[in-house]
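Enquirer: This is the structure I have questions about; it appears just below.
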Amino acid sequence: MKVPITLLVDDPAPLVNIYWWHARRDDLPRHPDGRPVVRDVPLDFLRRFAELVGRWEIKGKFSVIPYPAGLGPITEGWPGCDTRALRDWIDIVRRDIAPYMDISPEMLTHAQALDLEAMELLPEDENEWSKHQTADTLTPYIAYALKLLDEVGLEATGVTSPWSFGSEVEEEYRRAIVEAMLWVHGRKGSWYFLHTHTEGTEFRSQVVLREGDRYLVSIWAQVAEYLWHVMETGEGGPEVVRRVADRFVTEDGEGGRLAELFKAGTPMVLLTHWQSLFCDGRETGLKVLDEVCRRVKVNWGDKVRWVKCSELAEEVAGGIYG
């Protein structure tokens, strides 16, 4: 049986680098080594990512933050937003990425929580806000995120937690996801991404809620975010690409975390971030991903199959894994 492989891409947002807003402690957010964080991610980077996805037929999930950094909804834009570029960004995702990768909101803002009645940002970020919510308050919040994506032609099949959103009220969170998905899309089967475990080969993704024909699967990342360090340190060049790619899978296919999971027959669930791929314009992370995909193809060929999160969730719910 072919071993599934899926890529989780966290934090994409139209045109803006959501990490800039996370790192903002002053007027010029900086990395640990002192380099400034680039505020905006150009449209051409999305085009290059989409080209790579199509070339290797990468599947998984691609987050789209519906109200990025609290600036405004992607349906309308925000002050200073290039609305034509915003439309182009959404069109590329819909046309070139969504056929391969599931779309998910990473809740609304991935920044301060939004008061849905006043439509004003709250003092708490979404992570802190989630800690004292219930299914009754989380359901409309998730539903609004789903509706914003739907309005621009991006139907989500699951949701992604910003930070550890929902982890301290996970039972309530799970029920809210199921209710929001049913409410907005009539979807009875769904998934969410919150947890990561990168040791051992036991498959972690599992059904966490089942009621009749309704189910929810928790998708766990089981490959570490090796690209984050490259973003923070500013490293680049062919040798760095080879070295970091080795952590995923070596040239001969014998070493690296992916090889460890492949040999065990465990679905390979990789996690990365939009800013890690972008690397402040150096695009080192994207080059590493390209090299990893090449090695996967050369070494394992038809012994592996790229799958969307929704496909993996269906198989987990059907008892194939877990």
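The values are calculated or read from the model by the stated rules, or taken from the named source; none is laboratory data. Note that this is a predicted model, so its numbers are computed, not measured. Here the Cβ positions follow ideal geometry from the backbone for every residue, glycine too, while neighbour counts run over all protein chains shown. Note: areas computed on protein heavy atoms with side chains; ligands, DNA, RNA excluded. Shrake-Rupley method; radii C 1.70, N 1.55, O 1.52, S 1.80 Å.
Enquirer: Relative to the present Cα-Cα distance, how much length would full extension add between R305 and D150 at 0.36 nm per residue of separation?
Expert: 53.0 nm
Enquirer: To continue, here is another question. Whenever you get a sec, compute what percent of the accessible area on the stretch 35-101 sits on carbon and sulfur atoms (1.4 Å probe).
Expert: Carbon-and-sulfur percentage of accessible area, whole number: 46.
Enquirer: From the backbone phi of the stretch 251-267, what are the Karplus-calculated ³J(HN,Hα) couplings (6.51 cos²θ - 1.76 cosθ + 1.60, θ = phi - 60°) in whole Hz, Gly and Pro given as x?
Expert: 4, 8, x, 9, x, x, 4, 4, 4, 4, 6, 4, 5, 8, x, 8, x
Enquirer: Give K61/K287; K59/K297; K263/K287; K2/K59; K2/K297 a once-over and call out the pairs whose C-alpha atoms are over 21 Å from each other.
Expert: Pairs exceeding 21 Å: K263/K287.
Enquirer: Would you calculate, for the chain, the mean residue ellipticity at 222 nm contributed by helices, counting each DSSP H stretch of 4 or more residues as -39,500 (n - 2.57) and dividing by all residues, to the nearest 500?
Expert: Helix contribution divided over all residues of the chain: -11500 deg cm²/dmol.
Enquirer: Additional query: Return one whole number: the accessible area per residue of the stretch 62-131 in Å², for a 1.4 Å probe.
Expert: For the stretch 62-131, the solvent-accessible area averages 41 Å² per residue.
Enquirer: At 1.4 Å probe size, with no ligands or nucleic acids counted, give the accessible surface of D136 in Å², nearest ten.
Expert: The accessible area of D136 comes to roughly 130 Å².
Enquirer: By its C-alpha gyration tensor, with a ≥ b ≥ c as the square roots of the eigenvalues, how is the stretch 134-246 shaped: rounded for a/c under 1.5, else prolate for a/b larger than b/c, else oblate?
Expert: Verdict is prolate for the stretch 134-246.
Enquirer: Considering only protein heavy atoms, what per residue accessible area in square angstrom results for the stretch 136-273 with a 1.4 angstrom probe?
Expert: That works out to 40 Å² for each residue.
Enquirer: Students often get this wrong, so try it: which of (1) 22; (2) 18; (3) 27 is percent of Cα pairs over 33 Å apart as calculated from the structure shown?
Expert: So the calculated entry is the one marked (1).
Enquirer: Taking K147 as the anchor, which aspartates and glutamates have their alpha carbon closer than 19 Å to its alpha carbon, excluding any fewer than eight residues away along the same chain?
Expert: Here the aspartates and glutamates satisfying the reach criterion relative to K147 are D11, E76, D91, D102, E106, D115, E117, E120, E126, D136, E155, E179.
Enquirer: Taking the Cα centre of the chain as the origin and placing charges on Cβ (Lys, Arg +1; Asp, Glu -1), which of F49, S161, A69 is farthest toward the positive end of the dipole?
Expert: Going by the charge dipole, the pick is F49.
Enquirer: Separate question: Compare the Cα positions of H229, Y192, F248 along the charge dipole of the stretch 184-294 (+1 at Cβ of Lys, Arg; -1 at Cβ of Asp, Glu; about the Cα centre) and return the one farthest towards the positive end.
Expert: Of the options given, the answer is Y192.
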